[in-house]
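One structure below.
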Amino acid sequence: MEKNDLGGVLCFNKPAGCTSHDIIYRVRKLYGTKQVGHTGTLDPLATGVLVVMVGRAVKASEFLTADEKEYVATLKLGITTDTEDITGEVLSEYKGEMPDFETVKNAVSAFAGEIEQVPPMYSALKKDGKKLVDLARQGVTVEREARKVRVDKIDVFETEKPDEFMLNVRVSKGTYIRTLCADIGKKLGTGGVMATLTRTSSGNFGIEESFDEEQLKAMTDEERYAALRPTDELFPDCPALTLSDFFAKLGAHGCDLYQKKLRTSFPEGQLVRLYDSLGFFALGRVISTPDGSAIKPVKQFRI
């Protein structure tokens, strides 16, 4: 694949100690393009799956849906910090006896399903145009509204340490695992922080198929390009529609594609992956027009 044809999705295995933006910078160098973005930030402490869009795939950013994510985290009881993880300044320490596993298990189970979370101050969320983390570093704390998030799975396991437990969770986009750890610690009365975090999957991208920087550096250009997964894999829940040459040509020029002529019946607002004889080339959205329901191409991925 030539560099000017570059476009795809890289499943990157992020190490601890660097930011998501650091990874973007490294991928830009590896692939020789400034067109690089990611689908979900990982804190410097965290490791694991960072889904990186390369080349024309960055066009998908505005259409990405709220993918579920899975994590393995270490919950450390007995302290609270300003960042809700082990890297922060300690605010309080618990001196009593640690709860037994059954007590911890019962407390953890209460967080399954739809819950409310107050986003942490140390986050990239913005208040009046300013990032909360920047305000927090200035010693400023602002009110944050609780948000509904979803915890689809949460399992807890004992470790060799009486104050540490492993969590295996699957959550909706926007869920803060360190806040989950802090809230569990609060419920137990001991306080708690997130000590480690590994994202094991993001949507349909898993850690077992991720590449680290050293692996990518050891590849030839051809191998590196082959490591990119097709852009349409970012939209597994969107129906696919393969068009005839006639309709594909219209779609490539941004023309409305009327469903009665296509003999399709997708609901209004639905995103549709559009394919021609060469493969995926555009995303379309179903709209209502005076002449009937149509699929309007909203983003082209070949130009």
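The values are calculated or read from the model by the stated rules, or taken from the named source; none is laboratory data. Being a predicted model, the structure only gives us computed values, none of them experimental. Here Cβ is always computed from backbone atoms with ideal geometry, including for glycine, and neighbour counts include all displayed protein chains. Heavy atoms of the whole protein, side chains included, go into the accessibility calculation; ligands, DNA and RNA do not. Shrake-Rupley method; radii C 1.70, N 1.55, O 1.52, S 1.80 Å.
Tell me yes or no: at least one residue of segment 43-59 is out of contact with any strand residue (DSSP E or B) (no Cβ under 6 Å at 6 or more places or on another chain) and either over 27 Å from Leu167 (Cα atoms) or of a type in the set (Gly, Ala, Ser) (or both). No, segment 43-59 has no match at all.
Residues checked against (1) open to solvent by 10 Å² or more (accessible area, probe 1.4 Å); (2) within 18 Å of the chain's Cα centre (by Cα):
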position	(1), (2)
Ala195	yes, no
Asn204	yes, yes
Lys217	yes, no
Ala226	yes, no
Ser265	yes, no
Leu274	no, no
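Checking each residue in segment 231-258 for being within 22 Å of the chain's Cα centre (by Cα) and open to solvent by 70 Å² or more (accessible area, probe 1.4 Å) picks out only Asp237. Consider segment 51-78 and keep the residues that are part of a strand (DSSP E or B) and of a type in the set (Gly, Ala, Ser). The one that is surrounded by the most Cβ atoms within 10 Å (Cβ to Cβ) is Gly55. For segment 177-188, which positions are touching a Pro at 6+ places or on another chain (Cβ under 9 Å) and crowded, with 23+ Cβ neighbours inside 10 Å? Answer for segment 177-188, where residues must be touching a Pro at 6+ places or on another chain (Cβ under 9 Å) and crowded, with 23+ Cβ neighbours inside 10 Å: Arg178, Ala182. Within segment 168-186, the set of residues being under 18 Å from Phe157 (Cβ atoms) and assigned to a helix (DSSP H, G or I) comprises Ile177, Leu180, Cys181, Ile184, Gly185.
Looking across segment 22-32 at every residue that is within 17 Å of the chain's Cα centre (by Cα) and over 10 Å from Pro44 (Cβ atoms), the one that is surrounded by the most Cβ atoms within 10 Å (Cβ to Cβ) is identified as Ile23. Can you list the strands (runs of 3 or more DSSP E) lying wholly within segment 190-289 that have 2 or more residues being out of contact with any Gly (no Cβ under 9 Å at 6 or more places or on another chain) and modelled with pLDDT of 95 or more? Result: 192-202, 240-242, 279-289.
Can Ile115 be described as modelled with pLDDT of 85 or more, of a type in the set (Val, Ile, Thr) and open to solvent by 60 Å² or more (accessible area, probe 1.4 Å)? Judged against the criteria, Ile115 is not a match.
In the condition set (1) within 20 Å of the chain's Cα centre (by Cα); (2) modelled with pLDDT of 95 or more; (3) aliphatic (A, V, I, L, M); (4) surrounded by fewer than 18 Cβ atoms within 10 Å (Cβ to Cβ), Ala124 is compliant with all but (2). Taking the stated definitions as given, is Thr141 part of a loop (DSSP other than H, G, I, E, B) and either out of contact with any Pro (no Cβ under 7 Å at 6 or more places or on another chain) or hydroxyl-bearing (Ser, Thr, Tyr) (or both)? Criteria met by Thr141. A count restricted to segment 31-56 and to residues that are over 20 Å from Gln215 (Cβ atoms) and touching a residue at least 12 places away in the same chain (Cβ under 8 Å) stands at 9.
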